[in-house]
Structures are given as structure tokens and as C-alpha cells.
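Undergrad: Can you read through this structure? Questions will come right after.
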């Protein structure tokens, strides 16, 4: 891929952890976050990562500077795997850092896909859950749980959005999908 604005080339590839130079503050910390431990366990089980840290060139041959994804890098080290998928930006750090903001913006757009089955399950959840179960979804407080209850039943995605609002219902649907709660 070529960034037409700056002509910086980038491509995904597999990189050995020994090739990555990291000066992140995460290095050397003995207490990993809960999410980092989960990622470490997944990396150990699967042997590869889904989220791709961004790397750039250094002055040393076959060494790459870590720009983003320090916790992924640390999780990989902790899990015992020796290589990870990364995106290599073919530029040195000052120039590569200019590409980071647009790349991070792209990561924000990488939401999980919501399909018709997800919507059907969420509608069933809204139609049949009691108030305390509804409030277990992030963003649904007591007042919203009462609103959901008052406007039942929800027959379709359009009906739900009309009764509860587009942004709000989509936000709750995404939170529901990430949760383990089922009606």
C-alpha cells in the first residue's frame, strides 16, 4: 500500500520480537493489566495476534522501532511466542510518526460487524429482560431501563431505533454484543 500524500510505503508482515526495539514505559512492569493477561493467554493459545502494532525503520538492519501496540508486544513476550504480525512503515521514526494519527483513526473505524442475528438477539434481550438485567449493559441506566420497558415490544431494528434513538440503540447493541449476557 502507498500513502499518496507522503509516499510512505507500509505493509503487514510477520516480525520476530527480537527485531523490535521498544522504549515504551510498559517494558519492565511486573503487573500486567487484566486485558493484557487475556491477550497473553490468547497469544499463547493461538500463536498469533489480530491487532497489528505499527513499526518503523531504525538505523540498525533488521531492527524496527515500536510506534504503537506496546501492550500487544509485551503480551507476546509474556506468552512466549517469538513473532507477531505488525505493520511496517518504511520510514524512520520522525516521518513515520506523521502517519500514526491517520492509522489510529482507521483503527477506530474497525468496529465489529453487527449482523441480523445480533439484532434479533438484542431485540429479544430488550423485549424479555428485567430492569436489573437491562442495566447490566454499559450505558443503560435505571431511567433508560424504564424507557426500554415502557416502549416494548420492539419488532425490528427500525422500530427499536425509532423508539429509543439511533445512536443510543446502536451504542447499546455494540455493548450487548461485547457482553456475555443472553436473555
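The values are calculated or read from the model by the stated rules, or taken from the named source; none is laboratory data. Since we're looking at a predicted model, the values are computed, not measured. Because the Cβ atoms are built from the backbone with ideal geometry, glycine has one as well, and the counts that use them run over all protein chains shown.
Undergrad: Answer yes or no: is there a residue in region 95-117 that is at pLDDT 95 or above and over 24 Å from the mean Cα position of the chain (by Cα).
TA: Within region 95-117 (the criterion being at pLDDT 95 or above and over 24 Å from the mean Cα position of the chain (by Cα)), the answer is no, since none of the residues qualifies.
Undergrad: Further question on the same structure: So, residue 110, is that one free of Cβ contacts under 8 Å to residues at least 12 places away in the same chain and under 30 Å from residue 12 (Cα atoms) or not?
TA: Answer is yes for this residue.
Undergrad: Looking only at helices (runs of 4 or more DSSP H) that lie completely in region 84-183, which have at least 3 residues being surrounded by 16 or more Cβ atoms within 10 Å (Cβ to Cβ)?
TA: The qualifying helices (runs of 4 or more DSSP H) are 93-108, 116-128, 142-150, 157-164, 166-178.
Undergrad: While we're here: Please work out which residue is nearest to residue 103 (Cα to Cα), limiting yourself to region 63-76 and to residues that are touching a helix residue (DSSP H, G or I) at 6+ places or on another chain (Cβ under 6 Å) and assigned to a helix (DSSP H, G or I).
TA: So, considering only residues that are touching a helix residue (DSSP H, G or I) at 6+ places or on another chain (Cβ under 6 Å) and assigned to a helix (DSSP H, G or I), the one nearest to residue 103 (Cα to Cα) is 71.
Yes/no per residue for (1) loosely packed, with under 11 Cβ neighbours inside 10 Å; (2) modelled with pLDDT under 60; (3) not assigned by TED's automatic domain parsing to the domain that holds residue 70:
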position: 5; (1), (2), (3): yes, yes, yes
position: 17; (1), (2), (3): no, no, no
position: 20; (1), (2), (3): no, no, no
position: 26; (1), (2), (3): no, yes, no
position: 36; (1), (2), (3): no, no, no
position: 40; (1), (2), (3): no, no, no
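Undergrad: Then there is this: Among (1) in contact (Cβ under 8 Å) with a residue 12 or more places away in the chain; (2) farther than 15 Å from residue 13 by Cβ; (3) over 15 Å from the mean Cα position of the chain (by Cα), there is one condition residue 89 misses while meeting the rest; what is its number?
TA: (2)
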